[in-house]
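The next block holds one structure in the form of structure tokens; read it before the comments.
The values are calculated or read from the model by the stated rules, or taken from the named source; none is laboratory data. Predicted, not measured: the structure shown is a model, and the values here were computed from it. Backbone-built Cβ (ideal geometry, glycine too); neighbour counts: all protein chains shown. Areas reflect the complete protein model, heavy atoms only, side chains present, ligands, DNA and RNA absent. Shrake-Rupley method; radii C 1.70, N 1.55, O 1.52, S 1.80 Å.
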Amino acid sequence: MDNSKFFIWINRINSIAILLLLLCGLGFSVIAILDGIFAHEKKQTLSFDNQQDSSHQEPALDLRLGQSYDVCGTDISYIELQTQPRSAGFSSGYHSDTKNILFSQLTTMENWWLFGANQQTIARITQLSASLGASSICDSGDTIAIMYEITAPDSDQRTLALSSPDGRHYQVISKDIDQLIESKVSRDGKFLITIEQVGDSAFFRKYAISQQEKITETVISHP
């Protein structure tokens with residue numbers, strides 16, 4: 001008799017366990033379906049033409065406008081044009097590439113792009129201020145120029161460029177850099193001083209911000 005009751009309880013426990021497993025599976029399925037529906041509803045993207053020659057036309061990139069940033073001390077703001085987020089690895093979350101920058105002036109509602117096409121990848125955008133060197137914090141002072149690190153296609157090498165605070169007068173100042181180690185603006189706001197790695201060598205380089213050109217460099221010797 002006791003054995004019969006024991007087996008009855010075992011069967012009940014097994015039935016409950018199976019039911020719980022089924023409910024968990026159903027719950028995960030519903031969550032996945034709803035997540036897909038809401039993700040589809042929230043996905044508001046813009047496709048921008050690469051504007052290449054028609055004989056070498058690449059597929060349009062799936063891009064979106066990201067967060068807006070104020071340019072310190074001006075009525076200018078800019079928005080990064082980014083690729084759709086993609087997985088950057090099991091523990092690295094999701095990653096987007098910045099392909100272009102849309103500048104706008106609040107008073108006139110005028111807007112313009114930094115580049116005429118979306119082929120390049122902008123690794124970093126830095127507002128340069130004389131108060132605290134290279135900074136993007138408006139409390140540190142007005143922006144005197146914007147510095148860009150551009151990643152070369154199919155390469156880890158980078159290009160440095162400067163523009164005026166409104167994104168105009170874009171000018172490349174250094175090419176084929178492996179790493180920008182340090183960047184700082186002189187106290188008078190006239191010069192950008194950097195430490196750049198090129199291959200096995202490192203250089204102190206000094207650029208005139210107003211002329212957007214290198215004026216001197218020094219090789220950092222090995223100890």
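Annotation: amide H-H contacts under 5 Å for Asn100 (H modelled 1.01 Å from N, sequence separation of 5 or more, or interchain): Leu81. Figure note: Asp166, Asp154 ranked by solvent-accessible area, largest first, 1.4 Å probe, ligands and nucleic acids not counted: Asp154, Asp166. You can think of it this way: the chain between Gln171 and Asp200 has 7.8 nm of extra reach, that is 0.36 nm per residue less the Cα-Cα gap.
About its Cα centre, the dipole of the range 151-219 is roughly 400 debye, where the only charges are +1 on Lys and Arg Cβ and -1 on Asp and Glu Cβ.
Residue ranking by accessible heavy-atom surface, 1.4 Å probe, largest first, among Lys206, Lys184 comes out as Lys184, Lys206. Ser96 contributes about 30 Å² of solvent-accessible surface, heavy atoms of the protein only, 1.4 Å probe. Ranking Pro165, Thr126, Gln197 by how far each Cα lies toward the positive end of the dipole of the range 124-206 (charges on Cβ) leaves Pro165 at the top.
Charge tally for Gln157 (other residues, Cβ to Cβ under 13 Å; Lys, Arg +1; Asp, Glu -1): -4. What the pair-distance distribution of the range 121-206 shows, using all Cα-Cα distances binned every 5 Å from zero, is 3, 15, 25, 25, 18, 9, 3, 0 percent.
Pairs exceeding 18 Å between alpha-carbon atoms, taken from Lys99/Lys184; Lys184/Lys206; Lys175/Lys206; Lys175/Lys214: Lys99/Lys184.
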